[in-house]
Structure formats: structure tokens, C-alpha cells
Amino acid sequence: MNKIFISYFSKLLIIVYLSLFSACNNKTTIANNKYYYNWNHQQQLLLNIKHYKLSGVITYISNEYNISANFYWQQTNKNNYKFILTNQSNTIKLCLDVINNTTNLVINNNILCYQQPPGIVIKQLFNIDVPFKYLNEIILGIIKGNQYFTLNKYGYLNKTILHDNNNVWNIIYSKHHYYHNNVIVLSKYVELYCKNTNIKIKIHDWII
């Protein structure tokens, strides 16, 4: 009898341990499991987008800055893109042309070339933190390998967390701010928070 009880108790402990281990390692929060299929389907569609163009308004708020500008983004492949900031009269104020990890910066008609990623260049020149390395994934809403996310009741990305070097960015997608084109759902409004920095991205137009 003792042997049977010990065997049963041991199995019970193993089951409890595995359950706790699974719970501790599952960082994903789903608002409603009913819509999880919709999320998986959307992710597959987003992963197939290799190039696109978009435009809108970006606002950067920190202890030092409160800047708002029109922006244009052209993604040509995974590692190559062009990011342009313009003022209200559409005069170009800054242009980043990124090819792999080489950054060509045009500012005030001066062309500067850096053998560094754009995030490092912008931080060194202006003391501004922008996670350029992941901005493509943030805008699309497919931060690869990230299990810290929440879906809204429609099965679209609502909140997620991004670790970029020593920075932890909280990213919020408003549930009512998505573009629907009957095939794929695209972001319309994204907010990023890190310490005292807030970045707001409002997208006016997508071209895929």
C-alpha cells in the first residue's frame, strides 16, 4: 500500500511541477482564445510582406524634445530602407538611407556616411533613442520571437514589449486603429514608451 501511495504521490508531484513550469514560461497573454487563429493567420500574411511604402506623422517626446514631423518610409527588403522627415511644407529636414548596417544621413543638404546602424548614429548625433533596428517589425506588428504580447478581442495585436540593448519599449496598438483591406490588417497608430520617452506613429497611407 505504501509503495502504491508513494508512486501515486510522485506522479502527482511531477504533474504539478510540469504545470507550474509551463505557466512560468508562457509569457503570452491572449485576450480571447477564440481569436487566436485570426492572429496566427494575420502573422503569416504580414511575414510575406517584403517591401512597402508608407507615410504619416511621427512625434517624439522626451525631457529634451517635443518634435513632430511628417515622415515617409520605403522598405525595399529586410535590411534596406529609406526614412525621410519633412516639415509642414514638405521640405526634407532629414533623410536616412540604410543599406544593411551602413547609414547614409542627409541633413541640411550635407551627406554623411556611417558604418553603423541608424539607431546608434541618431543617438550619437542628437541623443534621441529610436529602435530603428526593429522599426520595420514594430510597424508591421510582427516582432519575431517576442512572446510578451496581448491580443485584443478581435485577435489583433494590442500590446507588446521590445528589448533593445538596455532599453525596454512598451508598444501599444490601438484596437480601433487598423487599416482593413479585406485581405490583411495593417497598423494605423502605434505608440512606444521607454522611460521618459514617448514615440507616436500615425500612419496615413500604406502602399504594398
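The values are calculated or read from the model by the stated rules, or taken from the named source; none is laboratory data. Just so it is clear, the model here is predicted, and its values are computed rather than measured. As a convention, Cβ positions derive from the backbone with ideal geometry for all residues, glycine included, and neighbour counts pool all protein chains shown.
Does ASP129 meet the test of being touching a helix residue (DSSP H, G or I) at 6+ places or on another chain (Cβ under 8 Å), surrounded by 16 or more Cβ atoms within 10 Å (Cβ to Cβ), among the acidic types (Asp, Glu) and modelled with pLDDT of 90 or more?
On the way: touching a helix residue (DSSP H, G or I) at 6+ places or on another chain (Cβ under 8 Å): yes; surrounded by 16 or more Cβ atoms within 10 Å (Cβ to Cβ): yes; among the acidic types (Asp, Glu): yes; modelled with pLDDT of 90 or more: yes.
Against the criterion (touching a helix residue (DSSP H, G or I) at 6+ places or on another chain (Cβ under 8 Å), surrounded by 16 or more Cβ atoms within 10 Å (Cβ to Cβ), among the acidic types (Asp, Glu) and modelled with pLDDT of 90 or more), ASP129 qualifies.
Where residues in segment 63-89 are part of a loop (DSSP other than H, G, I, E, B) and farther than 30 Å from LEU46 by Cα, which of them is farthest from the chain's Cα centre (by Cα)?
Here is the first cut: in segment 63-89, the residues part of a loop (DSSP other than H, G, I, E, B) are 63-65, 76-79, 87-89.
Now drop any that are not farther than 30 Å from LEU46 by Cα, which leaves 63-65, 87-89.
Working: ASN63: 23, GLU64: 24, TYR65: 22, ASN87: 25, GLN88: 26, SER89: 29 Å.
Checking each candidate, the answer is SER89.
If we scan segment 44-54, do we find a residue that is of a type in the set (A, V, I, L, M), modelled with pLDDT of 90 or more and more than 21 Å from the chain's Cα centre (by Cα)? No, there is no match, as no residue in segment 44-54 is of a type in the set (A, V, I, L, M), modelled with pLDDT of 90 or more and more than 21 Å from the chain's Cα centre (by Cα). Does ILE161 satisfy being surrounded by fewer than 18 Cβ atoms within 10 Å (Cβ to Cβ), under 10 Å from the mean Cα position of the chain (by Cα), of a type outside the set (Asp, Glu) and within 22 Å of ASN66 (Cβ to Cβ)? So ILE161 fails the test. Taking ASN108, is it modelled with pLDDT under 90 and in contact with a Pro (Cβ under 9 Å, 6 or more places away or on another chain)? So ASN108 fails the test.
Do the conditions hold for LYS27, that is, is it loosely packed, with under 12 Cβ neighbours inside 10 Å, within 18 Å of the chain's Cα centre (by Cα), of a type outside the set (S, T, N, Q) and at pLDDT 80 or above?
Details: loosely packed, with under 12 Cβ neighbours inside 10 Å: yes; within 18 Å of the chain's Cα centre (by Cα): yes; of a type outside the set (S, T, N, Q): yes; at pLDDT 80 or above: no.
Taking the combined requirement at face value, the residue does not satisfy it.
The set of residues in segment 166-179 that are of a type outside the set (A, V, I, L, M, F, W, C) and either modelled with pLDDT of 80 or more or touching a Lys or Arg at 6+ places or on another chain (Cβ under 6 Å) (or both) comprises ASN166, ASN167, ASN170, TYR173, HIS177, TYR178, TYR179. Considering the conditions (1) under 30 Å from LEU45 (Cβ atoms); (2) outside any loop (DSSP other than H, G, I, E, B), VAL130 is excluded by exactly one of them, (2).
Every listed requirement among (1) out of contact with any Phe, Trp or Tyr (no Cβ under 7 Å at 6 or more places or on another chain); (2) over 30 Å from THR150 (Cβ atoms); (3) part of a strand (DSSP E or B) is met by TYR60 save one, (2).
Can you pull out the residues in segment 172-206 that are under 21 Å from GLN44 (Cβ atoms), surrounded by 15 or more Cβ atoms within 10 Å (Cβ to Cβ) and touching a Phe, Trp or Tyr at 6+ places or on another chain (Cβ under 8 Å)? TYR173, TYR178, VAL185, LEU186, SER187, LYS188, VAL190, TRP206 - these are the residues of segment 172-206 that are under 21 Å from GLN44 (Cβ atoms), surrounded by 15 or more Cβ atoms within 10 Å (Cβ to Cβ) and touching a Phe, Trp or Tyr at 6+ places or on another chain (Cβ under 8 Å).
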